[in-house]
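Asks: Below is one structure. I have some questions about it.
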Amino acid sequence: MALPEGLFRPLEYPTSVTLRYVLGEVREHGTDREWWRKRFLTHVVGRYFERFPPAGRSRVVDREWDTLLLLDACRYDLFEAALGDHPLPGELSMRRSMASGTPGYLAANFAGGTFHDVVYVTANPYVSTELPAGTFHEVVPVWRDGWDDELATVPPETVAEAAREAAAEHPDKRLVVHFNQPHTPFIGEERIEGRGMANLRARAVGEGRATDARTPFERLGAGELDRETVWRAYRSNLERALPVVGSLLDEFGGLTAVTSDHGNALGERAWPFPIRVYGHPLGVLVPALIEVPWFTHSTGERRETRAEPPVATDTDPGERQVDEETRARLRDLGYAE
């Protein structure tokens, strides 16, 4: 297959900076097969999808919902399989997300807009670092105060409790509830050691890097784990959150949608390239990463909402400052390229 002209255009950095960066990176990682895979996915596959994005993607902000329950990194077939053993009231369909990672998802759906009829309750720090203050009526950063050091993430029960408080305080607002699960770390009955969100949170609060350990998906790509083992733990992590999701479906009135920002790949190929994908590299828009659930449930009347000026919090200035300080560092962690 002939690749499009201009796909391999040079990086737009001064030559001296590029050479120093490239040589330093090759010296440090040159024998690491997974490092080379990530570079190829970023600089070749990602650029291909920039020019030729898949059809059928849709912004979540263009869909109807009163409450949006967002399961981070939940691919469609994982949700469908788990739903078979843990049924919830509602109807399931599949949609295509705009991005293969949370930063791209937030940018495609919310960047440059104002959603002052929305309260965003989030266990994911990216919501606080990637979007400017005033994007929503209020952001409730559960990742800051609800973090469980032992689990190295925010458990779904903590997120649900914050969502209940937000719903009670703001009955005239739409609600986004952003869970970390089934994103790593795996905290279900089946667990695998590996990097989860501890690094991301450490950067967001200015504490430095937490660990260099690989994620379970990276370990799968390195041949340290088999697909079945990772799939079981991935599914178990989702199953940890589903009872909590079910309780909110029963409690919240109006139209509630359960969806995800992106999926996770477990070795699927990045067609038209013969390279396998693991985890969720940014910009790699393969089906495993953009096909996500859209599960809807209605209870009672639709919520009447209204937009009001955003609520300023005393954490906003720090979050904006941290955002500028940490953006480049996140590239070292594999969350951004």
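The values are calculated or read from the model by the stated rules, or taken from the named source; none is laboratory data. Source: prediction; values computed, not measured. Cβ: placed from backbone, ideal geometry, glycine included. Neighbour counts: every protein chain shown.
Asks: What's the total number of residues in the range 58-73 that are surrounded by 21 or more Cβ atoms within 10 Å (Cβ to Cβ) and either out of contact with any Gly (no Cβ under 8 Å at 6 or more places or on another chain) or aromatic (Phe, Trp, Tyr) (or both)?
Replies: 6
Asks: Identify, please: which residue in the range 219-251 is in contact with a strand residue (DSSP E or B) (Cβ under 7 Å, 6 or more places away or on another chain) and among the small types (Gly, Ala, Ser) and is, among those, nearest to Asp72 (Cα to Cα)?
Replies: Ala241
Asks: Which of (1) under 22 Å from Ser298 (Cβ atoms); (2) modelled with pLDDT of 95 or more is the odd one out, the single condition Ala107 does not satisfy?
Replies: (1)
Asks: Also, quick follow-up: Val258: in the same structural domain as Tyr278 (by TED's automatic domain parsing), at pLDDT 95 or above and surrounded by 23 or more Cβ atoms within 10 Å (Cβ to Cβ), yes or no?
Replies: Considered against the rule, which asks whether it is in the same structural domain as Tyr278 (by TED's automatic domain parsing), at pLDDT 95 or above and surrounded by 23 or more Cβ atoms within 10 Å (Cβ to Cβ), Val258 comes out as yes.
Asks: For the range 207-298, please list each of the strands (runs of 3 or more DSSP E) lying entirely inside it that holds at least 2 residues being over 29 Å from Phe52 (Cβ atoms) and in contact with a Ser or Thr (Cβ under 9 Å, 6 or more places away or on another chain).
Replies: Strands (runs of 3 or more DSSP E) meeting the threshold: 254-259.
Asks: Evaluate the following for Leu106: is it in a strand (DSSP E or B) and closer than 19 Å to Ser58 by Cβ?
Replies: In short, no.
Asks: Somewhere in the range 149-170, is a residue more than 28 Å from Phe49 (Cβ to Cβ), within 13 Å of the chain's Cα centre (by Cα) and in the same structural domain as Val286 (by TED's automatic domain parsing)?
Replies: Checked the range 149-170: no residue is more than 28 Å from Phe49 (Cβ to Cβ), within 13 Å of the chain's Cα centre (by Cα) and in the same structural domain as Val286 (by TED's automatic domain parsing).
Asks: A further question on this structure: Search the range 261-275 for residues being under 18 Å from Leu238 (Cα atoms) and of a type in the set (Gly, Ala, Ser), and hand back the single one that is surrounded by the fewest Cβ atoms within 10 Å (Cβ to Cβ).
Replies: Ala265
Asks: State which residue is modelled with the lowest pLDDT when the search covers only the range 117-151 and only residues that are small (Gly, Ala, Ser) and surrounded by 20 or more Cβ atoms within 10 Å (Cβ to Cβ).
Replies: Ser128
Asks: Going residue by residue through the range 206-216, is there one that turns out to be farther than 17 Å from Thr102 by Cα, surrounded by 15 or more Cβ atoms within 10 Å (Cβ to Cβ) and at pLDDT 90 or above?
Replies: Within the range 206-216 (the criterion being farther than 17 Å from Thr102 by Cα, surrounded by 15 or more Cβ atoms within 10 Å (Cβ to Cβ) and at pLDDT 90 or above), the answer is yes, since at least one residue qualifies.
Asks: Here's a follow-up. Surrounded by 24 or more Cβ atoms within 10 Å (Cβ to Cβ), in contact with a Gly (Cβ under 9 Å, 6 or more places away or on another chain) and modelled with pLDDT of 95 or more: is that true of Pro182 in this structure?
Replies: So Pro182 fits the description; yes.
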